[in-house]
Structures are given as C-alpha cells and as structure tokens.
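Structure, as structure tokens:
The values are calculated or read from the model by the stated rules, or taken from the named source; none is laboratory data. Given the structure is predicted, the values throughout are model-derived calculations rather than measurements. As a convention, Cβ positions derive from the backbone with ideal geometry for all residues, glycine included, and neighbour counts pool all protein chains shown. Areas reflect the complete protein model, heavy atoms only, side chains present, ligands, DNA and RNA absent. Shrake-Rupley method; radii C 1.70, N 1.55, O 1.52, S 1.80 Å.
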Amino acid sequence: IAMIKKGRKVEIVKSFWDREGAGFGGVDAQIPEWTEERAGTLLQLAASFGQEELTAWLLDELNADPTIPVPPRASRGDNGAIEPRPILDADEDGRPATPDIGGTPSHRTAYDLASTRAVRDVFRRSAAVRPDAWDWLGAAHIPSVLSADMEAGRDTKKKERRKGLKEKIREREALAKQKAADK
C-alpha cells in the first residue's frame, strides 16, 4: 500500500510482489479495513493515487479485475475523525450500493476513482487491447476504448489547436505593435 501511494517504480513493486504477493490472497484481494483505505483493491488504490504505470502493470500483467466495486468504507471528516459512510441497500446483484456524485445509489469502480486523465487512459487502452478480458464498457464503467489510432488522432488535433492558438497570439501581438506605432 505504501509503495503504491508513494509511486514507487514498477520494477520495485514487481520484485516485492514476486516475493510476497502470494501471501496477500491475489491481486484482487480486498485491502483490510484496519488500514483505513477507502479503496478496496490494489488497482483501486493505484488509480485513486494517479499511479499510471502501476495501474497499467496491475491491469495488463497481473490481470487485476476493474469491475470490482469500491466498498463502502469509513471516511475522514473535516475534523480528521473517521466517520462511517452511510449504509445503502444492496442492488439486484447483492453488491452494496455507494452514493455517486449525484447522490443516487450506484457502484464505483477503479476507473471511477482514477484521479487523472492519464490513469483513465490506461484503463481505456487496456480495454482496447484486451476487449474480451472484462466487461469494460459495462461493469468497469469505462466510457469508451482508446486505440493507438484514436490516441494519435487526438494528439494531432491537440497539435493543430496549439498551432492555431500560437498564430492568434502572433496576430494579436502584431496588431498591438501596429496600434503602438500608430500612436
């Protein structure tokens, strides 16, 4: 848990996992409640802390399950004291429901905990490479896959947009110089 939170290099975490991983109950084992972590699995923890490389390693090499719902756990209040989260009824599958941003019961997954776009893209890339591994677009809450072609197209659009913005800035600067010369 500490290595994931601190963002240790994947090689260090891999060697630790090779030595000690069997004793943890597998990659999808629940993090014990006494740790006071809101994430339930290592994948959820890595995603919530924005650990892009570790998330990719957990998904692609260890085949961590992205469909596991985040368990309702205690959270820290404004004063730092641990406050229990409200207990909600279970859904039709028997899984405990947790409130989403809108306050309606739903299941949050590792993708929902992802703190950065880069981590969300790791999930989307993994879904594109291994579409049959999990229910990516359903239970894992991933909105769409991200193939290499789509990513290249996105990068091209970003470059074109930057180029257009730079041209607008140059035009404004030239106009400002012209106005200054006219005065």
Legend entry - Equivalent ellipsoid semi-axes, region 21-75, via Cα gyration tensor eigenvalues times 5, rooted, Å: 18, 13, 10
Legend entry - Modelled FRET efficiency - R0 35 Å, SER115 with ASP18, Cβ distances, 0.05 increments: 0.80
Legend entry - Accessible-area order (highest first, 1.4 angstrom probe) of the listed residues LYS158, LYS168: LYS168, LYS158
Inset, instruction - Could you pull the accessible area for SER48 with a 1.4 Å probe, rounded to 10 Å²? - result: 40
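With a sphere of radius 11 Å drawn around the Cβ of TYR111, what net charge do the other residues whose Cβ falls strictly inside it have (Lys, Arg +1; Asp, Glu -1)? Don't skip to the end; give the middle numbers.
Values: positive: ARG108, ARG120, ARG124; negative: ASP112, ASP121.
Here the charged neighbours net out to +1.
Where Lys and Arg each count +1 and Asp and Glu each count -1, what net charge lies around GLU52 among other residues with Cβ under 11 Å from its Cβ?
Values: positive: ARG117, ARG120, ARG125; negative: GLU53, ASP121.
Neighbour charge sum, excluding GLU52 itself: +1.
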Legend entry - ³J(HN,Hα) computed for each position of region 10-27 - Karplus, 6.51 cos²θ - 1.76 cosθ + 1.60, integer Hz, glycine/proline x: 4, 4, 5, 5, 4, 5, 5, 5, 4, 7, 10, x, 4, x, 8, x, x, 5
Inset, instruction - Could you order THR116, THR109 so the one with the most accessible surface comes first? Probe is 1.4 Å. - result: THR116, THR109
Legend entry - Solvent accessible area, Å² - GLU61, 1.4 Å probe, full protein context: 120
Inset, instruction - Give the residues of region 1-33 whose amide nitrogen is closer than 15 Å to a point set 7 Å from the Cα of ALA133 in the direction of its Cβ. - result: 27-28
